[in-house]
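J.: Here you go, one structure.
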Amino acid sequence: MNVMRPLIEFCGIEAERLHTRWISSAEAPEFAEEIHMFVEKVKKLGPSPLGRQKKAA
Amino acid sequence: MTNSIDELENTDCIFVIGSNTTSSHPIIATRIFRAKQKGAKIIVADPRKIQLGMLADVEVQQNLGTDVALLNGIMHVIMDRGWHKQEFIDAHTEGFDAVKEVLKNYPPDKVSEITGVSADDIVKIAEYYATSEASSIVYCMGITQHTTGVDNVKSLANLAMMTGQIGRENTGVNPLRGQNNVQGACDMGGLPGVYTGYQAVTVPEVQKKFEAAWGASLSNKVGLTIPEMMSGVMSGSVKALYILGENPMVSDPDTHHVEKALKAAELVIVQDIFRTPTAELAHVVLPGVSFAEKDGTFSNTERRVLKVRQAVAPMGDARHDWEIIQDISTRFGYAMHYDSPEAIMKEISSVTPSYGGITYARLEGDGLQWPCPNAEHSGTKFLHKGGAFTRGKGMFFPIEYKAPAEVVDEEYPLWLTTGRVFAHYHTGTMTRRAEALNCEIPEAILEVNPADAGKLGIRTGDWVYLTTRRGKIAVKAQLTDWIKESIVFMPFHFVEANANVLTNTALDPICKIPELKVCAVKLEKVQ
Amino acid sequence: MEYKTTLTTCPYCGCGCGFYLESIDGRLVGTIPSKTSPVNKGKLCIKGWNVHEFVQHPNRLTRPLVRKNGELQEVSWDEALDYTADKLRNIKEASGPDSIAFFASAKVSNEENYLLQKFARAGVGTNNIDHCARL
Amino acid sequence: MSENIKTKVAELLSSGQIKGFLGLRSNEGHIGPYLFTNEAELDSLVVGDWKNRGDSRYPLNKCLINIACKYPEDTFGVLVRGCDERGLKALYTWNQLNPNKVVAVGIACPQELADACECLKPYPDECVDDEKAKACEQKAVSSIDALAIADRFALWIREFTKCVKCYGCRDVCPMCFCKECSVGSDDLIHTGQLPPEMPIFHLTRAVHMIGRCIDCGLCNEACPADIPLRTLYKKVADIIDKEFQYRPGYTDAKSPLNVL
């Protein structure tokens, strides 16, 4: 994470768009909650430059 | 190419038409990228969406086979706005008035209807190309492999001459040669009408010169082209074919026809490095060697003669191709006694004015670009300097648009076009034997527009049949909006899904190039 | 032990890129683009980078073949060359020089193309020579 | 400078300490890699200057791996600049070359070449000449760092759009020795597509340069699209240095990511 975030930021993609966390396969609710949280976060960030670029192409 | 590869980097406008440069000539694409970086305008016209289009200032997708209409439309606008160079036309060309007449019939609106390119884009292309200080045209087989191939090239020449974008540095009409030594094969007289350096077999003085040099009496009758040889075999006038390093079973249009001809011939000699589908039909197969096992020269697309040097010994009992030809000739009754490729080059320069100054010693370093008439001449970077054309004045040809030989109808409702992919070369006999290239692109893929695919229930990865009036093949489909509706594209490198089973043998009436870039097909899903 | 780097010219498209072929004891092991080539200046495409792979492929033709009883069979060079020359001579005598046709090649060298058209024109006596410039 | 090298190499060859010396030779109007096996050939030895200083550098370490694979028992000499020496050190830690079988003959880069490369250490630990160029500032990286995020994105996409997927960046790289390569794997990146998936193809390779890239810049020079790959990998190296206080090839230590 500490490597990937500055790297994608260098390439013009917001670091917040990348998220990792270790969750045990036994903790399904935890996993679901984490995903919901990240989806909300990304929604707030708005459309990714990658998507915009693909549309333009 | 009239001009040099390096010059492309410094031009102010590059008009790329019928060339998927990043796939087929990536090292030339380098120069186009750099030109763009330096602020040049890039114009891309191709029926398919291509990578170069992504960085183009104008990108248009003309309908298949409508290049003449598009170019006439561009020239119409140039005339209309007065962007042509009258001084250049007056001083260095003839026949422009007739072209002017024809151009009247190609106003942008009408051209837009034929080509599918918007009138605005036509005007923009005209403006960028004609008004830039130095503009360069880059084209490839997308222009030439049509029944109107010669018309297309002449139209490009018209465009370059009327705007004075030729005969200067960083301008010109620049065909990209698809094969390593296609330029050399032409230069060396591997054509039915000319000896080396384009000296015509029909000119009595030329005939006399070669008769003296070669100690033999020579024919002044223009020979047969490849498609004519094939028909000749079928009609019985041609009995024997000597095929050196070619694979017409995969590369030629309508391969069923080629197969019939090869089977009908009394003698087929194939000299090659692999047992190609063509070799399978031969009576004699002679193992030659690859480029890495021989010394010699290739002439590249910018007329640069470059050294080829032997890196490893021939495999097995394979022999140098020049030795094989020499031995056959001697046994046939016409003795040859060369001791090396260098000795052959000495003879080439003695009978070929444009290669007159070329010797192996002078090819060290950068090689030499012909014309290089004598030992003091340092070679020619660009042709037609200052409007001095080979025939004297540059000749304009009025060209009318003609539809392709085969057009879509109810039975064959889609257009098929063919080309290369970036990891393979020609009939694939070399590239498909390289693991890295096979991993990159292991099989033929048919590109289909999602709209066309949707109507037939075809999804990416499905097997489909493609049928034309000449044959039928099965191939995997890939949906992509890079290809326009009602057109499908496939590469021709793959013998097991051989696009040339389908393609049209219809020829350009003058240069006899087959119309590989357009035919009508039927698409069906394999059930 | 012999390690060689041989500067030569690419056999694929018409650009004419220069590169060094690396070989160890007669076996090709790599391709290195030439930085001093006027065409490619240290760069290559995917085909160029992998050019050494096909050269010594086990499927290469290594012996002359002549069709006997419908099958292509290995023969000596002498037999293959005599067979070819005799057949060509017989066909020329029976049906004239224009009954023989030659495919020159965009893949072989200038010198080899020159010899083939010289054999066609001066040896056999026909201008029936063409190559696949159009394909 | 090349006189000092010639003297040194002649010694090594005549004393039998090395079987051959992998360097650069000027021949037939070109400069290219060459294995010198006897002193008489050394006249044609050069240090890679063509139109500019050091502009004909070649991946000699890569050639050396090819030779060492075939002849692991023999010792070979090799011409090294600062970057090449970093490559050797890193290759030793990855067990790709045996340090006991390699004799490095070092040369320092002139300042103009060091500046062009923005090199942090433009000389090997031991070299035949005394004058050493100064380490350089990393201007290429900081100029991109200074851009707004959207401009950075636009810049890299513009560059990646030109990629012709030659794999030259990998094929020329002295540190790319893996038999199976992620950037060629269809599972990660669709094969057969031009340009390759953006920016996945280039970011995947950048990630694989972590703990590997020794900043020789040969990738940049081999790129037909002139993509500033060196700048991208310099950034990767900066990030790793910050996180792990490690730069490959600058010490004899193994990469923190080296699990071999």
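The values are calculated or read from the model by the stated rules, or taken from the named source; none is laboratory data. Source: prediction; values computed, not measured. Cβ placement follows ideal geometry from the backbone for every residue including glycine, while neighbour counts extend to all protein chains displayed. Side chains are part of the model used for accessible areas, which takes the heavy atoms of the whole protein and leaves out ligands, DNA and RNA. Shrake-Rupley method; radii C 1.70, N 1.55, O 1.52, S 1.80 Å.
J.: State the number of residues belonging to segment D:107-158 that are closer than 21 Å to residue D:50 by Cα and in a helix (DSSP H, G or I).
T.: Qualifying residue count, segment D:107-158: 7.
J.: Here is a further query. Would you say residue D:108 is more than 14 Å from the chain's Cα centre (by Cα) and open to solvent by less than 10 Å² (accessible area, probe 1.4 Å)?
T.: The answer is yes for residue D:108.
J.: Let me confirm something: among C:106, C:133, which residue is open to solvent by less than 10 Å² (accessible area, probe 1.4 Å), modelled with pLDDT under 95 and within 7 Å of chain B (Cβ to nearest Cβ)?
T.: Matching residue, one of C:106, C:133: C:106.
J.: Quick check on segment B:504-527: of everything there that is over 22 Å from residue B:249 (Cβ atoms), assigned to a strand (DSSP E or B) and not aliphatic (A, V, I, L, M), which residue is nearest to the other protein chains (Cβ to nearest Cβ)?
T.: Only one residue tops the list, namely B:525.
J.: Just checking, which of C:32, C:24, C:46 is under 16 Å from residue D:56 (Cα atoms) and either touching a residue at least 40 places away in the same chain (Cβ under 8 Å) or of a type in the set (Val, Ile, Thr) (or both)?
T.: The match here is C:32.
J.: Cβ-Cβ distance below 6 Å, separation of 6 or more or different chains: which pairs start in segment B:153-171 with a residue that is closer than 11 Å to residue B:84 by Cβ and end on one that is outside any helix (DSSP H, G or I) and of a type in the set (Val, Ile, Thr)?
T.: Note: pairs meeting the criteria are B:161/B:93; B:165/B:171.
J.: Further question: Starting from residues that are buried (at least 21 other Cβ atoms within 10 Å of the Cβ) and part of a loop (DSSP other than H, G, I, E, B), keep the ones in segment B:181-220 and report whichever is farthest from the other protein chains (Cβ to nearest Cβ).
T.: Of everything passing the filter in segment B:181-220, B:195 is farthest from the other protein chains (Cβ to nearest Cβ).
To keep it simple, each residue is scored yes or no on (1) crowded, with 17+ Cβ neighbours inside 10 Å; (2) out of contact with any strand residue (DSSP E or B) (no Cβ under 7 Å at 6 or more places or on another chain).
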site: B:372; (1), (2): yes, yes
site: B:378; (1), (2): no, yes
site: B:386; (1), (2): no, yes
site: B:392; (1), (2): no, yes
site: B:406; (1), (2): yes, no
site: B:410; (1), (2): no, yes
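J.: Got a number for residues in segment B:310-357 being under 25 Å from residue C:34 (Cα atoms), out of contact with any Lys or Arg (no Cβ under 7 Å at 6 or more places or on another chain) and open to solvent by 30 Å² or more (accessible area, probe 1.4 Å)?
T.: Residues flagged as under 25 Å from residue C:34 (Cα atoms), out of contact with any Lys or Arg (no Cβ under 7 Å at 6 or more places or on another chain) and open to solvent by 30 Å² or more (accessible area, probe 1.4 Å) within segment B:310-357 amount to 3.
J.: If you take the residues of segment D:215-252 that are charged (D, E, K, R) and in a helix (DSSP H, G or I), which of them is farthest from the other protein chains (Cβ to nearest Cβ)?
T.: D:230
J.: Shifting gears a bit: Criterion first (part of a helix (DSSP H, G or I) and either in contact (Cβ under 8 Å) with a residue 60 or more places away in the chain or more than 14 Å from chain C (Cβ to nearest Cβ) (or both)) does residue B:386 satisfy it? Explain how you work it out, then say what you get.
T.: Details: part of a helix (DSSP H, G or I): yes; either in contact (Cβ under 8 Å) with a residue 60 or more places away in the chain or more than 14 Å from chain C (Cβ to nearest Cβ) (or both): yes.
Considered against the rule, which asks whether it is part of a helix (DSSP H, G or I) and either in contact (Cβ under 8 Å) with a residue 60 or more places away in the chain or more than 14 Å from chain C (Cβ to nearest Cβ) (or both), residue B:386 comes out as yes.
J.: Right, next: From the list B:35, B:29, which one is within 14 Å of chain C (Cβ to nearest Cβ), open to solvent by less than 20 Å² (accessible area, probe 1.4 Å) and farther than 23 Å from residue B:162 by Cα?
T.: Of B:35, B:29, the one residue that is within 14 Å of chain C (Cβ to nearest Cβ), open to solvent by less than 20 Å² (accessible area, probe 1.4 Å) and farther than 23 Å from residue B:162 by Cα is B:29.
J.: Can you tell me which residue among B:266, B:302, B:246, B:293 is touching a Lys or Arg at 6+ places or on another chain (Cβ under 8 Å) and either open to solvent by less than 10 Å² (accessible area, probe 1.4 Å) or among the hydrophobic types (A, V, I, L, M, F, W, C) (or both)?
T.: Every option except B:246 fails the conditions.
J.: Shifting gears a bit: State whether the residues of segment B:127-148 include one that is crowded, with 22+ Cβ neighbours inside 10 Å, over 25 Å from the mean Cα position of the chain (by Cα) and within 28 Å of residue B:392 (Cα to Cα).
T.: Yes, that holds for at least one residue.
J.: Looking only at strands (runs of 3 or more DSSP E) that lie completely in segment B:432-503, which have at least 2 residues being farther than 17 Å from residue D:190 by Cβ and in contact with a strand residue (DSSP E or B) (Cβ under 8 Å, 6 or more places away or on another chain)?
T.: The qualifying strands (runs of 3 or more DSSP E) are B:463-467, B:472-479, B:487-491.
J.: Here's another thing I want to ask about it. Just to check your reading of the model, which residue among B:365, B:333, B:296 is assigned by TED's automatic domain parsing to the domain that holds residue B:200, modelled with pLDDT under 95 and at positive phi?
T.: It is B:365.
J.: From the set of residues in segment B:269-290 that are under 25 Å from the mean Cα position of the chain (by Cα) and more than 8 Å from chain C (Cβ to nearest Cβ), which is most open to solvent (accessible area, probe 1.4 Å)?
T.: Looking at residues that are under 25 Å from the mean Cα position of the chain (by Cα) and more than 8 Å from chain C (Cβ to nearest Cβ), I get B:277.
J.: Among C:11, C:33, which is touching a helix residue (DSSP H, G or I) at 6+ places or on another chain (Cβ under 9 Å) and within 7 Å of chain B (Cβ to nearest Cβ)?
T.: Unique residue meeting the criteria: C:11.
J.: May I pose another question? Those residues that are more than 7 Å from every other protein chain (Cβ to nearest Cβ) and among the small types (Gly, Ala, Ser), I need them from segment C:72-101; list them, please.
T.: C:76, C:94, C:96
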